Ligand code: HEM
C-alpha cells in the first residue's frame with residue numbers, strides 16, 4: 001500500500017517537473033526542449049508545448065526569405081480565416097508580424113491594421129545558412145478578433161509558408177510549387 005502511494009506521489013512529482021519546464025525563447029531549439037515535435041515532409045520541423053494558458057512554439061524551416069506559420073480552426077474557402085505569423089530579417093533585425101487571412105488567397109492583413117495587435121508575448125528568430133530557427137510564445141486565447149484561439153486537443157489545419165525575399169508583402173511560391181503547405185488534423 002505504502003509502496004503504491006509512494007510510486008503515485010513520485011509519478012505526480014515527475015509530471016509536475018515536466019510541465020514546469022518552459023522552453024527558452026532564445027532562437028536555439030535543444031533536444032527535448034518542447035513536449036511535442038512533428039517533422040513535415042518539406043523538411044520543416046515544428047515544436048510546441050502548451051503550458052497553462054500559453055503556447056510555446058518553435059520551428060526550423062529552410063527558406064531564402066521570410067517564413068511563417070498559421071492555423072485555421074475550420075476550412076471554408078482555402079486559407080480564409082487563418083491566423084498567421086510571419087518572421088523576417090529587416091535591417092539586420094528579426095521582426096515578427098501577426099496577421100489575419102481575410103481572403104481565400106493572397107496577402108494576409110496585419111492585425112495592427114485591422115484593430116488588433118501583435119499577440120506574441122516573446123519571440124526569437126534566427127536566419128542562418130538559409131535556415132530559420134524561430135521560437136515564440138502566445139496566449140492560447142488573446143481575446144482579439146484578428147486571432148484564432150488555440151484549443152489544446154482540438155484538431156486544426158496548420159499552415160507553413162516561406163517567401164523568396166524578406167519582404168512579407170511578396171507572396172510565397174504557389175502551394176503546388178512548395179511555397180506553402182497544409183498539415184491537416186494538427187493538434188496543439
Ligand atoms: C504565414 C504566412 C502564410 C501562410 C502560412 C500561407 C499559406 C498559404 C497556403 C497554405 C496556401 C494554399 C491555399 C490553397 O491553395 O488552398 C496559400 C495560398 C496563397 N497565398 Fe499564402 N500564406 C502566407 C502568407 C502569404 C503572403 C504574405 C502572401 C502575399 C503577400 C500570400 C499569398 C498567397 C497567394 C497568392 C496564394 C494563392 C496561390 C497558391 O495557391 O499557392 N500568402 N498560402
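The values are calculated or read from the model by the stated rules, or taken from the named source; none is laboratory data. The shown structure was predicted, so the numbers you read here are calculated from the model rather than taken from an experiment. Here the Cβ is made from the backbone with ideal geometry for all residues, glycine too, and neighbour counts use every protein chain on show.
Some notes on this structure:
- Counted residues, the stretch 166-178 - those being more than 6 Å from the ligand (Cβ to nearest atom) and surrounded by 15 or more Cβ atoms within 10 Å (Cβ to Cβ): 1
- Qualifying residue in the stretch 146-167 (condition: more than 17 Å from residue 106 (Cα to Cα) and touching a helix residue (DSSP H, G or I) at 6+ places or on another chain (Cβ under 9 Å)): yes
- Flag for residue 98 being more than 9 Å from the ligand (Cβ to nearest atom) and touching a helix residue (DSSP H, G or I) at 6+ places or on another chain (Cβ under 6 Å): yes
- Test result for residue 123, under 16 Å from the mean Cα position of the chain (by Cα), more than 15 Å from residue 94 (Cβ to Cβ) and within 16 Å of the ligand (Cβ to nearest atom): no
- Tally, over the stretch 64-82, of residues that are within 11 Å of the ligand (Cβ to nearest atom), in contact with a strand residue (DSSP E or B) (Cβ under 6 Å, 6 or more places away or on another chain) and modelled with pLDDT of 95 or more: 8
- Single residue of the stretch 77-93 satisfying the filter (farther than 20 Å from residue 150 by Cβ and free of Cβ contacts under 8 Å to residues at least 60 places away in the same chain) that is surrounded by the most Cβ atoms within 10 Å (Cβ to Cβ): 78
- Hey, residue 142 surrounded by 14 or more Cβ atoms within 10 Å (Cβ to Cβ), part of a loop (DSSP other than H, G, I, E, B) and away from the ligand (no atom under 15 Å from the Cβ) or not: yes
- Among the residues of the stretch 145-163, the ones that are assigned to a strand (DSSP E or B) and either surrounded by fewer than 19 Cβ atoms within 10 Å (Cβ to Cβ) or more than 12 Å from the ligand (Cβ to nearest atom) (or both) come to 3 in all.
- Residue, nearest to residue 143 (Cα to Cα), within the stretch 103-116, restricted to residues that are within 12 Å of the ligand (Cβ to nearest atom), free of Cβ contacts under 8 Å to residues at least 60 places away in the same chain and assigned to a loop (DSSP other than H, G, I, E, B): 108
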